[in-house]
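Trainee: Below is one structure. I have some questions about it.
Only the coordinates and a few stated rules stand behind these numbers; no lab work does. The structure presented is a predicted model; accordingly, all values stated were derived computationally and were not measured. Methodologically, a virtual Cβ is constructed for each residue, glycine included, from the backbone with ideal geometry; neighbour enumeration extends over all protein chains shown.
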Amino acid sequence: MSSFEEEINKTCLKLNIPFVDYGITSSNEISLEGIFRHPEFPILPQDENSLFRMASMTKPITAYLTLAVLNDNRIDLHEDVGTYLPEINNLKIAYKEAETIQYKKNNVAISFHHLLNCTSGHAYEHHDPLISELISKKEVAPMKNGDDAFLKAPLVFTPGKKWSYGISYGWLGKAIEAISGLTLDENLNKYLCNPLDLKQTSFNPTQSSKVILAPVYFRDSEGSYSDITTKITMGFNPFHYGGGGITSTLNDYLKILQFFLKVMKYDGENSIVSCMFRNQIGNLAISPLKSFNKSLTLDYEIYPNVEKHWGYGLLINSKKMANKRKAGSGSWAGVLNTYFWVDPKSDVAGVFLTQTLPCYSPNLLNAFEKFEELAYKRLIRC
C-alpha cells in the first residue's frame with residue numbers, strides 16, 4: 001500500500017466511513033485503484049470489483065449517449081424533443097398563487113439543449129417545494145416507485161429561464177430510445193461498454209452481479225449507521241432512468257473518465273465530448289440545492305466561492321480551485337455519496353465511491369475533498 005493510500009484510509013477511518021473505492025486516471029493509464037474497508041462494518045470484497053449504484057453519476061454518461069445518438073442521426077441540439085416524444089408537450093407549468101398550486105400552459109418547446117443543461121423547467125422532488133408538495137398530495141408519482149410515471153410531473157418554470165437540477169435526464173433517456181430504436185442499455189453497450197471493454201456497467205445488471213453489489217448505509221444526525229440495503233431499488237428498476245440508473249465498478253467508471261480525457265486531449269474542440277465541458281447556461285446561476293427530504297439529501301451549496309456553470313452532464317468550474325482542479329474541469333456526484341472530477345488541462349480524473357445516505361454528509365464531503373487535495377499534492381504534476 002502506497003503512502004497516499006495509507007493517508008486516505010487513515011482519513012476515512014477517522015471520519016468513520018464504512019467503505020470507499022477510489023481511483024485516479026490520466027488519458028494514458030489508470031494510476032491508482034484503492035479501497036478502504038472499515039473494520040467495524042461487514043466486509044466487502046477486498047478488491048475494486050464491488051458494484052456501485054452510480055445514481056447521478058449516470059448523467060454525464062447519458063449526456064454522452066445523447067450527443068452520440070443526435071450526431072449519428074443528424075439531429076440538432078436545439079430541435080424540439082416533442083418531435084420524438086409528443087407527450088413532453090403535454091407538461092404544464094406549476095406555480096403557486098395565494099397558497100394554491102395553479103397550472104399554466106407551457107408555450108416554449110423543450111429542446112435537447114434544455115434537457116442537457118438543466119434549463120428545461122424540470123425539478124427533483126427532493127429539491128423543489130412545489131413538486132414535493134404535489135407528491136405529498138399524491139398528485140404526482142414519486143421516483144421511488146421504479147417506473148417512469150414521475151416524468152409526468154409538471155415543469156416549475158418556463159424552459160430556458162433558469163437552471164434547476166431535476167428529472168430532465170429521464171426524458172433524455174426516453175428520447176435516445178425513441179430516436180435509435182434501441183433500449184438505453186443497448187445504446188450504452190454500443191457507444192461505451194463495447195468500445196471501452198466495460199464489464200460491469202449497465203442499466204440492467206444481471207442477477208449474478210447482485211452478489212457483489214455494495215450495501216447502502218444511512219448515517220443519522222448522531223453519526224450512527226444503519227444498513228438500509230433492502231430498501232434501495234436503484235439500479236434494478238424496470239425503467240432505465242437516464243438520470244441515475246447505472247450500476248458500475250470503480251475500474252469501469254475510471255475507464256469512462258479516461259476516455260473523456262483522451263478525447264479532450266487528442267480531439268479537443270472537434271469532439272462531441274467538448275460540448276460537455278463548455279458553459280451551456282450562459283449567465284444563469286447555479287442555485288443552492290435545498291433539501292425537502294433530509295433522509296435523502298442535506299442542503300448543499302455547490303462550491304460557494306467558486307465561479308461555476310453547467311455543461312452537459314457536468315458542473316464546470318470556470319476558475320482554478322485552490323490546490324485542486326484547474327479551470328474548465330467537470331465534476332458531479334450521486335445521491336449515495338459517489339463523487340468524481342475530470343480535469344482535462346491537468347490530464348487527470350478521480351473517482352470516490354461510497355453508498356451512504358444522506359447525500360452531502362459532511363464526513364463524506366470532507367473525505368472526498370481530502371482525496372482530491374492529496375491527489376494533486378502527491379500524485380499529479382500540473
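Trainee: Could you tell me which of rounded, prolate or oblate describes the stretch 59-143, using a ≥ b ≥ c as the square roots of the eigenvalues of the alpha-carbon gyration tensor, with rounded for a/c under 1.5 and, failing that, prolate when a/b is larger than b/c and oblate otherwise? Don't skip to the end; give the middle numbers.
Mentor: Numbers: a/c = 2.79, a/b = 1.88, b/c = 1.48.
In terms of gyration-tensor shape, prolate.
Trainee: Then there is this: Going down the table (138/231; 92/138; 137/174), which pairs top 19 Å between alpha carbons?
Mentor: 138/231; 137/174
Trainee: In addition: Take the Cα atoms of the chain, find their three principal axes, and give me the spread along each one in whole Å, biggest first.
Mentor: In descending order, the Cα extents are 59, 48, 44 Å.
Trainee: A follow-up question, please. Which value at 222 nm does the chain reach when only helices count, each DSSP H run of 4 or more adding -39,500 (n - 2.57), with the total divided by all residues and rounded to the nearest 500 deg cm²/dmol?
Mentor: -7000 deg cm²/dmol, from helical runs alone.
Trainee: Let me ask something additional. Build a GNM of the chain with springs between Cα atoms under 10 Å: which of 337, 187, 305 gets the top mean-square fluctuation?
Mentor: Looking only at 337, 187, 305, the biggest GNM fluctuation is shown by 305.
Trainee: If each residue of separation counts as 0.36 nm, what is the full-extension length gain between residue 345 and residue 137 once their alpha-carbon separation is subtracted?
Mentor: Length difference between fully extended and current span is 70.1 nm.
Trainee: Additional query: Tell me, 156, 342, 81 in order of fewest to most beta-carbon neighbours within 10 Å?
Mentor: So the residues, fewest neighbours to most, are 156, 81, 342.
Trainee: Another one. Amide H neighbours of residue 346 under 5 Å, counting only residues 5+ apart in sequence or on other chains, H built in-plane at 1.01 Å?
Mentor: Result for residue 346 returns 326.
Trainee: Continuing with this model, one more query. Just rank 163, 332, 341, fewest to most, by other beta-carbon atoms within 10 angstrom.
Mentor: Working: 163 18, 332 21, 341 26.
Ascending Cβ contact count within 10 Å gives the list 163, 332, 341.
Trainee: Moving to a separate point now. Dipole magnitude of the stretch 3-379 about its Cα centre, charges +1 at Lys/Arg Cβ and -1 at Asp/Glu Cβ only, in debye to the nearest 20?
Mentor: Dipole of the stretch 3-379, to the nearest 20 debye: 660 debye.
Trainee: For the chain, find the longest principal axis of its Cα atoms and tell me its angle to the long axis of helix 168-180, 0 to 90°, nearest 10.
Mentor: Orientation of helix 168-180: about 80 degrees from the principal axis.
Trainee: What's the exposure ranking of 300, 241, 339, going from fewest to most Cβ atoms within 10 Å?
Mentor: Details: 300 17, 241 26, 339 22.
The order, fewest Cβ neighbours first, is 300, 339, 241.
Trainee: Around residue 359, which amide H atoms from residues at least 5 apart in sequence, or from another chain, sit under 5 Å from its own amide H, with H modelled in the peptide plane?
Mentor: HN-HN under 5 Å from residue 359: 297, 298.
Trainee: Among 309, 78, 113, which one shows the highest mean-square fluctuation when the chain is modelled as a Gaussian network with alpha-carbon springs under 10 Å?
Mentor: Comparing 309, 78, 113 in the GNM, the peak value goes to 78.
Trainee: Going by average Cβ neighbours within 10 Å, how do the peptides 31-38, 59-66 rank, with the highest at the top? Provide the component values of the computation, followed by the final result.
Mentor: Working: 31-38: 18.6, 59-66: 25.2.
Listed from highest to lowest mean packing, they are 59-66, 31-38.
Trainee: Can you tell me, using C-alpha contacts under 8 Å and at least 6 residues apart, the relative contact order of the stretch 53-192 as a whole percent?
Mentor: Reported relative contact order: 28 percent.
Trainee: While we're looking at this one, here's another question. Could you compute Rg(Cα) / (2.2 N^0.38 Å) for the stretch 1-122, with N its residue count?
Mentor: That works out to 1.66 for the stretch 1-122.
Trainee: Can you tell me the orientation of helix 3-14 relative to the chain, as the angle in degrees between its alpha-carbon axis and the longest Cα principal axis, to the nearest 10?
Mentor: 70
Trainee: If R0 is 51 Å, what FRET efficiency do you get for residue 369 and residue 98 from their C-beta distance, rounded to 0.05?
Mentor: So, using R0 = 51 Å, E works out to roughly 0.70.
Trainee: Please give the helix 250-266 orientation as an angle from the longest Cα principal axis of the chain, in degrees from 0 to 90, rounded to the nearest 10.
Mentor: Approximately 70 degrees, to the nearest 10.
Trainee: Subtracting the Cα-Cα distance from 0.36 nm times the residue separation, let me have the gained length for residue 305 to residue 158 in nm, one decimal.
Mentor: Details: separation 147, 0.36 × 147 = 52.92 nm, distance 2.82 nm.
Length gained between residue 305 and residue 158: 50.1 nm.
Trainee: For the stretch 230-382, I need the span (max minus min coordinate) of the C-alpha atoms along each principal axis, in Å, sorted largest to smallest.
Mentor: 44, 35, 34 Å, listed from the longest principal axis down.
Trainee: Distance in nm between label sites at residue 319 and residue 87, each 7 Å beyond Cα in the beta-carbon direction?
Mentor: For the pair residue 319/residue 87, the computed spacing is 4.5 nm.
Trainee: Work out the FRET efficiency for residue 5 and residue 224 from their Cβ-Cβ distance, taking R0 = 30 Å, and round it to the nearest 0.05.
Mentor: FRET efficiency, residue 5 to residue 224: 0.65.
Trainee: Counting only C-alpha contacts under 8 Å and six or more residues apart, can you give the relative contact order of the chain as a whole percent?
Mentor: Once divided by the residue count of the chain, the mean separation gives 23 percent.
Trainee: Stokes-Einstein diffusion coefficient for the stretch 289-345 at 4 °C in a medium of 1.567 mPa s, Rh from the Kirkwood formula over Cα pairs: what value in µm²/s? Provide the component values of the computation, followed by the final result.
Mentor: Details: Rh = 12.3 Å.
Translational D for this selection: 105 µm²/s.
Trainee: Still on this structure, I have one more. Compute a Gaussian network model of the chain, connecting alpha carbons closer than 10 Å, and tell me which residue from 221, 318, 27 fluctuates the most.
Mentor: Judging by the Gaussian network model, the answer is 221.
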